[in-house]
Amino acid sequence: MLSRRVAKEPIVDPSPHVSDEIRKTTCYMCACRCGIDVHLVRDGEGALKVSHIEGNRDHPVNQGVLCAKGSSGLMQHRSPARLRAPLKRVGPRGSGEFEEITWEEALDMATTWLGRVRADDPKKLAFFTGRDQSQSFTSWWAQAFGTPNYAAHGGFCSVNMATAGIYTMGGAFWEFGAPDWENTKLFMIFGVAEDHDSNPIKLGLSRLKARGVKVIGVNPVRTGYNAIADEWVGITPGTDGLFVLALIHELLRRGAVDVEYLVNFTNAGWLVIDAPGTAEHGLFARVDGEPEGAALVIDRRTGKPASADDPDVRADLQGEVRLADGRRARPVFALVAERYLDDSYAPEAVEARCGVSAKTIRRIAEELHSAAFDEPVVLDRPWTDWRGRRHDKMVGRPVSVHAMRGISAHSNGFQTARAIHLMQILLGSVETPGGFRFKPPYPKPAQAHPRPHAKCSPGEPLSGPHLGFPLGPEHLCINDDGSPRRIDKAFSWDAPLSAHGLMHMVIANAAAGDPYKIDTLFLYMANMAWNSSMNTSAVMEMLTRNDGDDYVIPHIIYSDAYSSEMVAFADLILPDTTYLERHDCISLLDRPICEPDMAADAIRWPVVEPDRDVRGFQSVLLDLGARLALPGFQDGNKPRYTDYADYMVRHLRRPGVGPLAGWRGDGEGAGRGEPNPDQLERYKENGGFFTSEVPEEAAYFKPWNAAYQDWAVTMGFYDAPQPYVFQLYLEPLAKFQRAAEGHGPVTPPASKAERILETFDPLPIWYAPFGDSAGEAFPLHAITQRPAAMYHSWGSQNAWLRQIHGENPLYVPDHVADEAGLADGDWAFVISPTGRIRVPIKRTGASNPNTLWTWNAIGKRKGAWALRDGAPETTRGFLLNHLIHELLPERGDGQRWSNSDPITGQAAWFDLRVRIEKAEPPPTGRSEPDGGHQASPVGEGPLNIAVDKGSL
Amino acid sequence: MTTLPPEPQKKLGLVIDLDTCVGCHACAVACKEWNTQGYGAPLSDQDPYGDDPSGTWLNRIHSYEVKPEAGPAQLIHFPRSCLHCDDAPCVTVCPTGASYKRAEDGIVLVNEDACMGCGLCAWACPYGAREMDGSAGVMKKCTLCVDRIDNENLPPEDREPACVRTCPTRARHFGDLNDPESDVSKLVAARGGVDLMPEQGTRPVNKYLPPRAREAAPFSASCDAGSATQEAPVPTGRLAWLDRALARLD
Amino acid sequence: MHPAFSLIIFSSVSGVGFGLMAMLGIAAALEAAPSSSLLALLGGMAALGLAAVGLLASVFHLRRPERAWRAFSEWRSSWLSREGWLAVATMAVFFVFALTWAITGRAPQVLGIASAALAVATVFCTAMIYAQLRTVPRWHTPLTPLAFVLIALATGALALASVLAWFAEGRGAASVALVFLVLAAAAKVAWFAHARGATLERAGASIEAATGLVGRGAAKLFEAPHTGSNYLMHEMVYVVGRRRASALRKVAAVLGVLVPLVLLLATVAGLLPVKLLGVALLIQLLGIFAERWLFFAEAQHAVSAYYGHR
């Protein structure tokens, strides 16, 4: 009987052919940079075609796993929205009417425009890049060009987090550090989106789950990571800082503070001058009063001030002392204790505001206390600190924290991120076993980073790197009259520590001619006409604004691989390749793919050649640089680099240090070494990446660990050891406060002074997000979340991903929906001080009760991304951006401030306050406002797809 | 063939951990990517760039809000695919014999050459595991990557279903659920793995591991007012603990 | 369930055809059939034609109709396969029966019994395709085949009466049709009574049981897997027409039962000419269409639970 049936079963070939070749490169479906195995098959003519993509098991980032975006890479690679050839605008801006031109024509045009600007006034070029991963290269180009107006998109993405982290502890969250997944015993995750480091975080969470480690998710919305967190804290947006300071209050009350750690590794003992009204109030007392001298501490043996650098001195953390000049000074920790033990930070005082009960705050503090101190992680691993002291063990506090956009995208984000870091440091859980660990090349303190440069003159390169970390008002990029040097007003009194620039202000400022007009806007991979601008409708108007003779921004050059919304608003399109057709380096000079235990970098390389007349943008930029005769881009009259691949191998940033760290010199060099012509081949052989293990002894306590510092020097992260201590108290902020009081040569205008005094507190504070100024008419919050299966606007051209997220309802908390009389499928007006949208809603019981939310960047403009006009992305999909303004409402003095963090300039997307009203379904059936229509330069996609090996 | 084979010795299947699944859709897309070029007809998409995009998928990820008696709703992500039932109704209803359960390992498959596209098997399945392909007109379903799990052209570590290989939270496990010593069986035993819709009488092979208990802070601040029971051990003098701690440093 | 036009036509029209075969066979068995070759020819052609139209419609439901022949292979386990076999067997036997009758002028008794038995069995198999499905609680009851068979016999009887009317007989057949109509209506009323209680919940297909999330509170769908539609939603999570259900139920009751009942009563009482029974049949058929549409459209499939339905 059985045999008869078995005999009747059809024969299934268990071992069908899989692929003809596997090429290993780096994913680019989001910012995670996972390693991928690209399977290729030969078509009938013998050409290799991409068949499918899997995670690379050997890769340090993803260890073989791959997310929905990565697995749908094939459909991105085959997207009908891919641009095919250079385009010259022939219709009005925004219309999408173009004609194809040759590369020679396109490069001629660009060279003419750019050459004129460079010879005349280089700052008339604003060159900004979006989600690209070659910022060390693009910034080098911009520096050679000589414009001060360069940045990437960090200003509207992550700069609060980056700046707070680097100033405080020489490294940040985002993908620049990670929890010690193996050893941590409690993990708190704040506002983390699933588009940076997402596979490592997911892998990490699964390890925590396997070990039964508690995960606390703090986020107004309970999706994704928060859905699987053991505890969810559905906090009110913008109050995370207050919540954390209340935790600090409780920890201090309990004495849950790692005193030894604070004394050894932080500035907790440094003396702060207490001399109100003087120029040095709030600054550190230093040896001999020298501004560059070592800080003073109270020597516990003598009770007298002594140098913090003296290895024999143990600092006292409390008390106060009279300095030699008679001024009073107190240790940082005494200020910390005084401030946060205040009842205003008690759980009861903050619970209503945060939407988290006092009981919960107290319990979480207790859990932090217990996890950190009841069961410290002790590794039998001796190490030596930078003072030469030998430690026979590594002792860690196994509490780890990770945070991202939810913290960052508020006008109080810098101080909130600082508050989180303060909590981590008080617990002794940064760079210790079980805590939060930096990924090389971090740690690297602010002082080891450059200062910003913005002085330009015709035909000359810029005086130094654009972006950096000011240590005081003297480092601002302002003219003598205090006006900003940069078009985005970065490093001005608007946003003194804007280490990533303010890309979100560029178009608004250029359109307004404030601080000046520009000639050419040059953008790469940034959908500024749509989801990457704060107020989409307004930005589309600015891009098309005409002052009679010409557009107010006369030239717009844009490079993108796909027919995005921004394409329609540019005059000249330089079509980029897809990620499988290009060279890239994920460089240690930039945003590498390191893990806490290893330095790592990676390449992309053309696993297939483009079948269109497109070129990798970086190669085009090299070409333009040579045509413009920029310094460093030419040897004699010839281009120095044939293409980006050549640059990746031969470029030297410093002697022996180039874009790629692996297989340098004779092929043995790691980090340092002469260029190796075989380098890219070696990368390919190794799976597209390079790793160098951090020595065991160097794996923790990196900022203070002599073995790590030495290793970092050999790797070329810096040229001499850079030990430093964590800055609980941030002296540069105090310097800005003194300037605001009128001290020193560089002082802010009166209109900014008050705000600087209030917000530049050298110890973390919480203040209400500026969006709250909208008032009681806007009682609700509205935020976006990143769906795990979409990356910004890219996914909508992907036939598989857009089936998953083809439209985005507005999720409305049940009780809000009840009050507004809203049922699933109803339409509602969402109204902010800036505007009104009409959108479909869905109810939810799994979010903060006062927070509306939707998925990010699903709504699309008609005609973009090769979608048909009736695509749900264009009909029911929508953007919240229409409700957000680059500027805050007018103040009493008639000024409008940027809707940004006052310290870093980070775009405050999540400050948005709204109200909701039930609406009739729109007569058109389309969500409102209507974003308009653009002609598609690439036509529309096919009506059916059936992908099999024969159809590749 | 339409009749079910005798109880297979080996019951290959998946164990899906709802405690760990973050609903990222990685498994669903990896499945689509592999299987569109694998066993049988491609998984086609209709109107892929138009007004009503749809397509054939062998694995779909739902998410649910579960409202406990107190506190906010919990969100649970739920991947849904073929459970390779022991008593697979999709097999016995098939008139052509296209639908069958392998005697060797219990995998439920469709011989697409024999499928006439009547759709009755999809009706018989309570789990929505079968989808008629919009182009090929034959029934598609999870094959447990029958062209991967024993594929000698793949390295041994890759011989597992595409969804399992790619899952970033390792929420999916593959193995023989008839072998009590297998990792998957142990996982099911340890975590109380459950059958879906047991009353449907299908005896599914795949098991789901239920989410562990979760906490969620209640929102209303007032509900806790005055109920702060556990007082922190405050030392006498606000920072007396600091004195003691500092003393230890000396 | 999606009320596919092909399946509505198939189940109702082939039901009339097989019902008519059964009635002709029974008439022969009871030696009540007139000795008329013309009747054999007309009745036989009508019955075979209706069955063939129905079966043809069912082929339109197939996405790969060229493979329909394969449906005969799995008669051991598949009701659909059995239905195929029985339909063919019924039509073959009935063809011989009708041909014999037409040639000889006398309805052969044994072949009549065989035809009737096979025809009933065929309709039973058709019904079992639905009734076997635990996934559709409304269908999963012995009342489904009972109703299908009785409706087929009722329509068959009315069809027979309509045909017989032209041979001056027919009032007797009308009485028979009347009886079967009442029985069929009763069966359907019982079926609806069952259907009211046949919830997904009772079938073990609540959202909680479907997801294994039992005992944690009420579950609701937060997000469907895709924002777009798919085969499952189109085929099994069909909810579009349910809001018209009560109107259609009235249509089914009035056209399928009340009007034919009144017309039959009037005919039996001699108030109406029997030749008008054909009109009653057409009206009844419209009612049956409505009944079948409801049969599908109102049926909830277990898969609906995954899409948030209760």
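Numerical summary
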read-out: Selection count where residues are acidic (Asp, Glu) and modelled with pLDDT under 95, scope the stretch A:896-927; value: 0
read-out: Single unsatisfied condition, residue A:687 versus (1) touching a His at 6+ places or on another chain (Cβ under 7 Å); (2) outside any loop (DSSP other than H, G, I, E, B); value: (2)
read-out: Helices (runs of 4 or more DSSP H) within the stretch B:153-250 that include 3 or more residues at pLDDT 95 or above and surrounded by 14 or more Cβ atoms within 10 Å (Cβ to Cβ); value: B:162-166, B:183-191
read-out: Extreme residue, nearest to the other protein chains (Cβ to nearest Cβ), among residues of the stretch A:343-378 that are surrounded by fewer than 22 Cβ atoms within 10 Å (Cβ to Cβ), of a type in the set (D, E, K, R) and touching a residue at least 60 places away in the same chain (Cβ under 8 Å); value: A:366
read-out: Selection status of residue A:559, within 22 Å of residue A:154 (Cβ to Cβ), of a type in the set (Gly, Ala, Ser) and part of a loop (DSSP other than H, G, I, E, B); value: no
read-out: Sole residue being in a loop (DSSP other than H, G, I, E, B) and either in contact with a helix residue (DSSP H, G or I) (Cβ under 6 Å, 6 or more places away or on another chain) or farther than 22 Å from residue A:848 by Cβ (or both), chosen from A:825, A:795; value: A:825
read-out: From A:683, A:708, residue being hydroxyl-bearing (Ser, Thr, Tyr) and in contact (Cβ under 8 Å) with a residue 40 or more places away in the chain; value: A:683
read-out: The stretch A:808-822, residues that are surrounded by fewer than 21 Cβ atoms within 10 Å (Cβ to Cβ) and either among the charged types (D, E, K, R) or part of a strand (DSSP E or B) (or both); value: A:814, A:818, A:819
read-out: Residues located in the stretch A:110-125, provided they are surrounded by fewer than 21 Cβ atoms within 10 Å (Cβ to Cβ) and of a type in the set (A, V, I, L, M); value: A:119
read-out: Restricting the stretch A:472-499 to residues that are in contact (Cβ under 8 Å) with a residue 40 or more places away in the chain and not in a loop (DSSP other than H, G, I, E, B), the residue that is farthest from residue A:156 (Cα to Cα); value: A:474
read-out: Some residue of the stretch B:104-125 being within 14 Å of chain C (Cβ to nearest Cβ), assigned to a helix (DSSP H, G or I) and of a type in the set (Asp, Glu); value: yes
read-out: Residue identified as out of contact with any Ser or Thr (no Cβ under 9 Å at 6 or more places or on another chain), surrounded by fewer than 16 Cβ atoms within 10 Å (Cβ to Cβ) and more than 14 Å from chain B (Cβ to nearest Cβ) among C:33, C:92; value: C:92
read-out: Within the stretch B:129-152, considering residues that are within 14 Å of chain C (Cβ to nearest Cβ) and part of a loop (DSSP other than H, G, I, E, B), the one surrounded by the most Cβ atoms within 10 Å (Cβ to Cβ); value: B:129
read-out: Considering residues of the stretch A:766-792 that are in a helix (DSSP H, G or I) and closer than 19 Å to residue A:219 by Cα only, the residue farthest from the other protein chains (Cβ to nearest Cβ); value: A:771
read-out: Qualifying positions in the stretch A:923-948 - crowded, with 18+ Cβ neighbours inside 10 Å, at the interface with chain B (Cβ under 10 Å from one of its Cβ atoms) and within 20 Å of residue A:564 (Cα to Cα); value: A:941
read-out: Any hit, the stretch B:54-67, residues being assigned to a loop (DSSP other than H, G, I, E, B), touching a residue at least 24 places away in the same chain (Cβ under 8 Å) and more than 20 Å from the chain's Cα centre (by Cα); value: no
read-out: Filtered residue count, the stretch C:236-277, keeping only those that are over 18 Å from residue C:299 (Cβ atoms), of a type in the set (D, E, K, R) and either modelled with pLDDT of 95 or more or touching a helix residue (DSSP H, G or I) at 6+ places or on another chain (Cβ under 7 Å) (or both); value: 1
read-out: Close pairs (9 angstrom Cβ cut-off, 6 or more residues apart or separate chains): on the phi < 0 side of the Ramachandran plot in the stretch A:97-117, hydroxyl-bearing (Ser, Thr, Tyr) anywhere; value: A:110/A:520; A:113/A:520; A:114/A:520; A:116/A:520; A:117/A:147; A:117/A:520
read-out: From the options A:60, A:10, residue that is part of a loop (DSSP other than H, G, I, E, B) and touching a strand residue (DSSP E or B) at 6+ places or on another chain (Cβ under 7 Å); value: A:60
read-out: Count of residues meeting criterion [assigned to a helix (DSSP H, G or I) and farther than 17 Å from residue A:576 by Cβ] in the stretch A:73-107; value: 4
read-out: Residue within the stretch A:272-289 that is hydroxyl-bearing (Ser, Thr, Tyr), more than 11 Å from chain B (Cβ to nearest Cβ), surrounded by fewer than 23 Cβ atoms within 10 Å (Cβ to Cβ) and not in a loop (DSSP other than H, G, I, E, B) present; value: no
read-out: Selection within the stretch A:418-471 - part of a loop (DSSP other than H, G, I, E, B), closer than 30 Å to residue A:383 by Cβ and more than 22 Å from the chain's Cα centre (by Cα); value: A:427, A:428, A:429, A:432, A:433, A:434
read-out: Helices (runs of 4 or more DSSP H) completely within the stretch C:198-310 that count 3 or more residues being free of Cβ contacts under 8 Å to residues at least 12 places away in the same chain; value: C:245-253
read-out: Residues of the stretch A:43-57 satisfying the condition of being in a strand (DSSP E or B) and either within 18 Å of residue B:29 (Cβ to Cβ) or within 12 Å of chain B (Cβ to nearest Cβ) (or both); value: A:49, A:50, A:51, A:52, A:53, A:54, A:55
read-out: Residue A:870 being in a loop (DSSP other than H, G, I, E, B) and under 28 Å from residue A:487 (Cβ atoms); value: no
read-out: Pair list, Cβ under 7 Å, 6 or more apart: the stretch B:7-21 residue within 11 Å of another protein chain (Cβ to nearest Cβ) and buried (at least 23 other Cβ atoms within 10 Å of the Cβ), other residue among the basic types (Lys, Arg) and in a strand (DSSP E or B); value: B:16/B:172
read-out: Residue within the stretch C:55-66 that is surrounded by fewer than 18 Cβ atoms within 10 Å (Cβ to Cβ), within 14 Å of another protein chain (Cβ to nearest Cβ), over 21 Å from the mean Cα position of the chain (by Cα) and under 18 Å from residue B:116 (Cα atoms) present; value: yes
read-out: Enumeration of residues in the stretch B:47-71 that are more than 8 Å from chain A (Cβ to nearest Cβ) and of a type in the set (Gly, Ala, Ser); value: B:70, B:71
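The values are calculated or read from the model by the stated rules, or taken from the named source; none is laboratory data. Remember, it's a predicted structure, so these values are computed and weren't measured experimentally. A quick note on method: Cβ atoms are made from the backbone with ideal geometry, for glycine too, and the neighbour counts reach across all protein chains shown.
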